[in-house]
Amino acid sequence: MKAICAIAGGMIKELIRKKDFYILLIFMLVLLGFLSYQKFFQIEGISRYVRDFGYSLLMFFSFIIAVTFAAKQLPSEIESRTIYPLLAKPLSRYTVILGKFCGSVMVAVSSFTIFYAIYVVFYAMGTEGKSFILLGQGYLLGILFLCMLSSIVMFLANFMTMSANITLTFLLYLTIGGFSDSLRGLVLFSKGIIAVLYGALYYLLPHLEFFDLRIRITHAWDPLPTWVVLSVTGYTFVYCFVLLFLAGYIFGRRKL
């Protein structure tokens, strides 16, 4: 546990030193501040636009930080040969993978928490209906979303470079977000072996759309039922466990 905390702590320090987070933070503040200036736009109910755009912005910025930090951990360590001092210590390769994963999640969640706090301030300033229970659920699902992303990136890091990993994860994010309904339709209306193949693909893909509460928060709908939140939480834990187990197994058999 101490080794995992030490690896994760080093990644948090890396976030503090990097300028990427601060640039995204300032950009988000400027954009939301500009949009929330209702008198300038003279648009009734503009707070709903701020909610929609602000939520999309904070999730995308958190996505960028989570993926870029997680994707460079193994490739950069191997390329710079700093992985060898880690492996020379009495650490298993599973411990290294878990430490990198925990560090990536801590970095992503720290950034996400700050982004989300800013979003909540602008949300509270709006004149539309409010649901702070729904905001709490959005925060929890956002953390689960970042855990899922980090586990996917750590798994893919065994097979590809940093840039390829980031590109593939980004394409996966866009594809699942835009075509999950179409894929579900293929599963429902296909027959025979094709239906089996589509079904296997549908259930094996990470369903990142489960974590998106943008529309629900924007229009202040009722909070999600407790069983839905628990189901998504369980799904995330199982998916992360399987990917991290496979990542550790593959990394353990890899010749460095």
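Computed from the coordinates by the stated procedures, all read-outs in this text should not be read as laboratory data. These figures come from a predicted structure and were not determined experimentally. When we count neighbours, we look across all protein chains shown, and the Cβ atoms used for this are built from the backbone with ideal geometry, even at glycine.
Overview of values
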item: Packing-based order for 220-231, 55-66, 203-214, 100-111, using average beta carbon neighbours within 10 Å, highest first; result: 100-111, 55-66, 203-214, 220-231
item: In sequence order, calculated HN-Hα J values of the stretch 97-114 (Karplus, 6.51, -1.76, 1.60; Hz; x Gly/Pro); result: 4, 5, x, 5, 5, 4, x, 4, 5, 5, 4, 5, 5, 4, 5, 4, 4, 5
item: Residue 29 paired with residue 176, simple spin-label distance in nm, labels 7 Å along Cα-to-beta-carbon; result: 3.2
